[in-house]
1. How many of the residues in the stretch 93-127 are modelled with pLDDT under 90, in contact with a Gly (Cβ under 7 Å, 6 or more places away or on another chain) and within 17 Å of Arg79 (Cα to Cα)?
2. Could you list all residues from the stretch 160-192 that are within 16 Å of the ligand (Cβ to nearest atom) and surrounded by fewer than 24 Cβ atoms within 10 Å (Cβ to Cβ)?
3. Filter the stretch 39-77 for residues that are surrounded by fewer than 17 Cβ atoms within 10 Å (Cβ to Cβ) and modelled with pLDDT under 95; which is nearest to Lys238 (Cα to Cα)?
4. Could you tell me which residue of the stretch 251-273 is nearest to the ligand (Cβ to nearest atom), considering only residues that are in a loop (DSSP other than H, G, I, E, B) and in contact with a Ser or Thr (Cβ under 8 Å, 6 or more places away or on another chain)?
5. Of all residues in the stretch 62-107, how many are farther than 18 Å from Arg136 by Cα and in contact with a His (Cβ under 6 Å, 6 or more places away or on another chain)?
6. With the condition kept exactly as written, say whether any residue in the stretch 231-243 is surrounded by fewer than 12 Cβ atoms within 10 Å (Cβ to Cβ) and within 9 Å of the ligand (Cβ to nearest atom).
7. Return a yes/no flag: does the stretch 179-200 have any residue that is without any contact (Cβ under 8 Å) to a residue 40 or more places away in the chain and more than 26 Å from Pro239 (Cα to Cα).
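The values are calculated or read from the model by the stated rules, or taken from the named source; none is laboratory data. Here the structure is a predicted model, which means the values were calculated and not measured. Cβ atoms come from the backbone with ideal geometry, glycine included; neighbour counts cover every protein chain shown.
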Amino acid sequence: MPEIPELQHIARVLTERLAGRTITDIDIQKPIVIRLPREDFEAGLLGAQFRSVERTGKFLLFHTNRDSVLAVNPMLNGRFQWISGPDGTRKSHARTCFTLKFQHDQDQGDEELGIRYIDERYLGKVYLVDAEDLDRVPVLNEQGPDALDPELDEAAFLQRLKRYRGQVKNALVNAKFIAGIGNAYSDEVLFNAGIHPFTKISTLDDERRARLYRAMHETLNWAAEIAAEEIGQKIDRKPRDFLNVHRKGGQPCPRCASAISEVSPNRRITSFCRACQPA
Ligand SMILES: [Zn+2]
C-alpha cells in the first residue's frame, strides 16, 4: 500500500501538472470504488478545476475551485497513472476504475492530459464532498495526526503513545494512532529504532520511546527523498527495493549482516533483524 514517502511526492506531482486545469471528460469504468452516485460524481467534477492535491495520512485530497474535495483512500493497490506522454500510457489498464481528462492546449503543443485511477482489487474508496464535510469521510474522520504533522512533536507523540497498548508495530500501522505509516515503513522505522516489532508498548522505556519518534521522522524523510527520485513523473510506481529490511527476509541485515527474519502473524508480513532488534 502506498505510504507517506510515495504519496508525499505523488501529491506534489499531481498539483504541479493539474492545478488550474479544467476537467473536460470523466469516464467511469468501475463505479464500485466511487462512494456516491455516479451522476453526482460526474456533475460535481465536470468543468471544475483542481486547485491543489494534498496528502494527509494515506489519503490524497484533490481540492477543487468549487470548494469541494475529491478524497481518495487508495487502500492496498489504488494508484493514478498518466494516460499519455512519456510518463504514462495511452493503453487503458484492465483495472481502470475511472479516467479524468483535463483541458489541454494543442496550439501550445500540449498533448492530451489525463489521469486514470487503477485498482486491481477495487478496495480503494473515492469520495467527493464539500470541503466543510471532509470530517464525514470514513476513515479520514477517525485518523490521528499525520506522522509528519509539525504539531506532532516528540512530547505530543509520547503523550499519544501512552494511550496505546499491545505491540508497537500494531500501533504504528494504526491510523487512529498516527496516520500515513503502513506495513512497509513500520518495519523500516522499527529497524532504525532498534526495536523488535512485537515489543509490548508498556515495556518500552523512555529512551526507546524517544528513539521510536526520531526513527519515524528520519526514516520517512530519508525514504521520501529516494522515492521522489525513483518515481519522478511515473506516479503509479511504488519503489521499495532500497528498503533495509521490509520484504528482505533471508538477506543479510545491512547493519550486522545476520539474516533478516520474516514472519507473518495476522497475514501481515513483518521483516526485522533479530540481532539489531532484540526481543
Ligand atoms: Zn542486524
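1. First, the residues of the stretch 93-127 that are modelled with pLDDT under 90: 93-94, 104-112.
Now restrict to residues that are in contact with a Gly (Cβ under 7 Å, 6 or more places away or on another chain): 111.
From what's left, within 17 Å of Arg79 (Cα to Cα): none.
Adding up the residues that qualify gives 0.
2. Going residue by residue through the stretch 160-192, those that are within 16 Å of the ligand (Cβ to nearest atom) are 187-192.
Answer for the stretch 160-192, where residues must be within 16 Å of the ligand (Cβ to nearest atom) and surrounded by fewer than 24 Cβ atoms within 10 Å (Cβ to Cβ): just Asn192.
3. Once the filter is applied, the top-ranked residue is Asn77.
4. Step one: filter the stretch 251-273 for residues in a loop (DSSP other than H, G, I, E, B), giving 251, 253-258, 260, 264, 268-269, 273.
Keeping just the survivors that are in contact with a Ser or Thr (Cβ under 8 Å, 6 or more places away or on another chain) gives 260, 264, 273.
Details: Ile260: 7, Ser264: 20, Cys273: 3 Å.
The residue in question is Cys273.
5. Adding up the residues that qualify gives 0.
6. The answer is no; no qualifying residue exists.
7. yes
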